[in-house]
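Asks: So that we are looking at the same thing, I have put the structure below in structure tokens.
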Amino acid sequence: MNEIENVTNSNAVAKLPLLAAVVALIGLSDAIYLTIHHLNGEMVPCNVTGGCETVLTSSYAEIGGIPLAAFGAVAYFIAFSLAILAAFGNRKMWLFFGMQVTLMTLASSYFVYLQLFVIKAICQYCMLSAGVCLTLFIIAVISKFWKSR
Amino acid sequence: MENTNKSGLPVAIIGVVLLAAIGIGGWFLLKGKPGSEPGTPTPTPKNTVPANAPPGGNPTWSLGPSNAAVTVEEFADFQCPTCAQMHPKVKELRAALGDRVRIVFRQFPLTQVHQWGYDAACAAEAAGLQGKFWEMQNMLFTNQQSWSNSPDARKLFAEYAKTLGLDVNKFSDDMIGLQVKNKVDADMQRGRAFNVNSTPSFYINNKPLGQNLDQLRAMVEAELKKLEEANQPQSNSNTANANTANANSNK
């Protein structure tokens, strides 16, 4: 009886974890692109619409020689995995997902602060990543209300 | 039964995504850059430079003889990290090709996104008034990280001027003077006529290099080769460039 209830409930929330998994894939692709960009040392001209190069070549772009984007890629992959497991009924993983995206959103907020007030340049790829984090966080928050209804 | 299937599927999906991420990432890392087909030759850009473009600042900062076979005109912003990355490559190009190439440097600070770009351009021009343009140009590019994030980069520019042995008072006055400003503006007007909207922008004998900055040397060498082949039948040409071309083609 308990099991049936669990399955019914998990089906009800499965759409949100599935959506979260798709969104996390966007973040993963973005982070992989930025990691390759960093490791290849690819040169992109500076232009008037953004300061991507300023951000990507700043001292904040890597930690201990490892590109920041690589940490992002790992974080998005973990978020994706947790969301997929949750989408297939493992509700505990959705709790971990909530905790993970909260931490990611906090980290993202700090990176946006660095871009706006310290580096004083905006990288659109980094802002996309921040947007993805925020979206994942919003999905996690919405799911709380969804379940409680 | 259904439960077993359900527990296997998410793990399989996660595994597929992990393999795809490692595979795609590794492939781009080993083969080249995202967005460019490895081994694809760079298309020759169309000549978009208008004949009536303003001449730019006077005097023109250039290295190499005025009758060099190939002139590379660079529009750069001292605060642009990519311009700083290209700086040693331009020096290498000049060292490798010698007098067959002439390098022209134009100021094109992206004032909308770089706080100190315009001041840095003025600093280089002010040093130029004391005969140390190229020394200051090198100083600004190699120390870009230090002054870019400084709350007042102008203080650092004055320190560089001192290091280069310039009259610092004159340098500081010149930096904010009209002569230097007019020169920077003249270069920028030429850049706008060339439709420059990003830095560094290179023009090889007036043909834009475009976004393929890695191709600079290859494109310059291709242009030299093309000109040398075109000049080959004119064996009685008395220009230094044609002589060099003939000497090379006889090897």
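Asks: In straight Cα distance, which aspartates and glutamates are under 14 Å from B:K181, not counting same-chain residues fewer than 8 positions off?
Replies: B:D119, B:E125, B:D173
Asks: If R0 is 30 Å, what FRET efficiency do you get for B:L30 and A:A107 from their C-beta distance, rounded to 0.05? Spell out each step's value before the answer.
Replies: Numbers: r = 29 Å, r/R0 = 0.98.
Efficiency computed from Cβ-Cβ geometry: 0.55.
Asks: Quick check for me: using +1 on Lys/Arg Cβ and -1 on Asp/Glu Cβ, what's the dipole size of segment B:61-229 about its Cα centre, in debye to the nearest 20?
Replies: For this selection, approximately 120 debye.
Asks: At q = 0.19 Å⁻¹, what log₁₀ I(q)/I(0) does chain A have when each alpha carbon counts as one equal point scatterer in the Debye sum?
Replies: Debye intensities relative to I(0), on a log10 scale: -1.04.
Asks: Then there is this: Along Cα→Cβ, 7 Å out, is where each label goes; now give me the distance between the ones at A:I142 and B:L19 in nm to one decimal.
Replies: About 3.2 nm, to one decimal.
Asks: To the nearest 0.05, what FRET efficiency results for B:N58 and B:Q232 with a Förster distance of 41 Å applied to their C-beta separation?
Replies: Details: r = 36 Å, r/R0 = 0.88.
Result of the calculation: an efficiency of 0.70.
Asks: Could you compute how much accessible area chains B and A hide from each other, both sides summed, with a 1.4 Å probe? Nearest 100 Å² is fine.
Replies: That pair of chains buries around 2800 Å² in total.
Asks: Put +1 on the Cβ of every Lys and Arg and -1 on every Asp and Glu Cβ in segment B:61-229; which of B:A96, B:L110, B:Q144 then has its Cα farthest towards the positive end of the dipole?
Replies: Looking along the dipole axis, the top candidate is B:A96.
Asks: Please state, to two decimals, what the Cα-based radius of gyration of segment B:61-229 comes to when divided by 2.2 N^0.38 Å (N = residues).
Replies: On the way: Rg = 15.8 Å, N = 169, 2.2 N^0.38 = 15.5 Å.
For segment B:61-229, the normalised Cα radius of gyration is 1.03.
Asks: Heavy atoms only, 1.4 Å probe, whole protein assembly: order B:D173, A:D30 by accessible area, highest first. Intermediate values should be presented prior to the final figure.
Replies: Details: B:D173 100, A:D30 10 Å².
Largest accessible area first, the list is B:D173, A:D30.
Asks: If you take every residue apart from B:G64 with its C-beta less than 9 Å away from the C-beta of B:G64, what net charge results, scoring Lys and Arg +1 and Asp and Glu -1?
Replies: +2
Asks: Under a 1.4 Å probe, what is the accessible area of chain A per residue, stated in Å²?
Replies: 51 Å²
Asks: Can you list the residues of segment B:70-84 whose accessible area drops by at least 30 Å² going from the chain on its own to the full set of protein chains, with a 1.4 Å probe?
Replies: At a threshold of 30 Å² (probe 1.4 Å), the residues of segment B:70-84 that become less exposed are B:P81, B:T82.
Asks: Quick one: how many lysine pairs in chain A have C-alpha atoms under 19 angstrom apart, if they're 8 or more apart or on different chains? Present the calculation step by step, with values, prior to reporting the outcome.
Replies: Values: A:K15/A:K92; A:K15/A:K144; A:K15/A:K147; A:K92/A:K144; A:K92/A:K147.
For chain A, the number of qualifying lysine pairs is 5.
The values are calculated or read from the model by the stated rules, or taken from the named source; none is laboratory data. For clarity, every value in this text was computed on a predicted model and none was experimentally measured. FYI the Cβ positions are ideal-geometry reconstructions off the backbone, even for glycines, and counts take in every protein chain you see. The protein model used for the area step is the full one, side chains on, heavy atoms only, and it has no ligands, DNA or RNA in it. Shrake-Rupley method; radii C 1.70, N 1.55, O 1.52, S 1.80 Å.
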